[in-house]
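Student: I am attaching a structure below and will ask some questions about it afterwards.
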Amino acid sequence: MKLSILILTHNRPKLFRRCLESVLSQIHSDVEVLVNNDSCDIEEINHPQVTYFYHNPNSLCEIYKFLLVKAQGEYVYYLEDDDYLVDDFLKQELTADLIVGNYCPKYETTDMLTFMTLYKDNWLTSKEFLNNLNEEHLQLSQHIFKRNHINDFDFPNDSNIHNDVKLVIHAASNSKIIKTVNKVFYYQTVDGRDNISFQHII
């Protein structure tokens, strides 16, 4: 298995469906999809490469860890239920320890865009990446991780958003080769409520 796509969903069945359909529209044989729904409110889409779990966690990090333990892929990618993949996501070449996509500018900042433009399509050392990392605007779905580089991450027992940063820093510190690409991996939903009437930003 080359890639495990790990989807977390909670109380947003319409957005989840759009998210999963964006994956299934381009899925190929060496990809698995693991879904955790802790609110038991989704309509499952049956597919041989999709596995559903209904683990009720105490924290967001507990879901991250739970899905990571279940994953079989060489690489793992976390996707939130209110976001969905760009059409060519699964054409991404998985050849580095950590792959970093361009930033989706929801917060109207150019910091990460500047960083990605500076290093676009380059192979970075871990030190170069960490020295230019913008922690404030980092989002987990910008990153495709090599699974064995985050298996030993000590997930905190809470839901603090800065845990995403800690996970990326841990992955980078374990990585010899970091590839940055001047592309966006996913569409960011502007409104997080369970509707699909709002336009995305890319």
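The values are calculated or read from the model by the stated rules, or taken from the named source; none is laboratory data. Bear in mind the structure is a predicted one, so any value in this text is a computation, not a measurement. We place every Cβ from the backbone using ideal geometry, glycine too, and count neighbours over all the protein chains shown.
Student: Looking only at region 67-93, filter to residues that are modelled with pLDDT of 95 or more, over 27 Å from Asp191 (Cβ atoms) and not β-branched (Val, Ile, Thr); which one of those is surrounded by the most Cβ atoms within 10 Å (Cβ to Cβ)?
Tutor: Among those that are modelled with pLDDT of 95 or more, over 27 Å from Asp191 (Cβ atoms) and not β-branched (Val, Ile, Thr), it is Tyr75.
Student: Among Asp121, Asp158, Asp164, which is at positive phi and touching a residue at least 12 places away in the same chain (Cβ under 8 Å)?
Tutor: Asp121
Student: Could you list, in sequence order, all residues of region 101-125 that are touching a Lys or Arg at 6+ places or on another chain (Cβ under 7 Å) and modelled with pLDDT of 90 or more?
Tutor: Gly101, Trp123
Student: Now, a different point. So, of the residues in region 8-32 that are outside any loop (DSSP other than H, G, I, E, B) and touching a helix residue (DSSP H, G or I) at 6+ places or on another chain (Cβ under 6 Å), which turns out to be modelled with the highest pLDDT?
Tutor: The extreme case among them is Leu8.
Student: Please go through region 1-59 and give me each residue that is on the phi > 0 side of the Ramachandran plot and in contact with a Phe, Trp or Tyr (Cβ under 7 Å, 6 or more places away or on another chain), ordered by number.
Tutor: Of everything in region 1-59, just one residue is on the phi > 0 side of the Ramachandran plot and in contact with a Phe, Trp or Tyr (Cβ under 7 Å, 6 or more places away or on another chain), namely Cys40.
Student: Is region 70-81 home to any residue that is out of contact with any Cys (no Cβ under 8 Å at 6 or more places or on another chain) and either part of a helix (DSSP H, G or I) or without any contact (Cβ under 8 Å) to a residue 40 or more places away in the chain (or both)?
Tutor: Yes.
Student: Further question: Identify, from the list Ile5, Ile99, the residue that is out of contact with any helix residue (DSSP H, G or I) (no Cβ under 7 Å at 6 or more places or on another chain), part of a strand (DSSP E or B) and either of a type in the set (Val, Ile, Thr) or over 25 Å from His170 (Cβ atoms) (or both).
Tutor: Ile99
Student: If Leu130 satisfies every condition in (1) more than 17 Å from the chain's Cα centre (by Cα); (2) modelled with pLDDT of 80 or more; (3) assigned to a loop (DSSP other than H, G, I, E, B) but one, which is the exception?
Tutor: Answer for Leu130: the failing condition is (3).
Student: Filter region 133-163 down to residues that are at pLDDT below 95 and assigned to a helix (DSSP H, G or I) and give me whichever is nearest to the chain's Cα centre (by Cα).
Tutor: Across region 133-163, the extreme among qualifying residues is Ser141.
Student: Given (1) surrounded by fewer than 20 Cβ atoms within 10 Å (Cβ to Cβ); (2) touching a His at 6+ places or on another chain (Cβ under 7 Å); (3) without any contact (Cβ under 8 Å) to a residue 40 or more places away in the chain; (4) farther than 21 Å from Phe155 by Cα, where does Glu43 come up short, assuming only one miss?
Tutor: The single condition Glu43 does not satisfy is (2).
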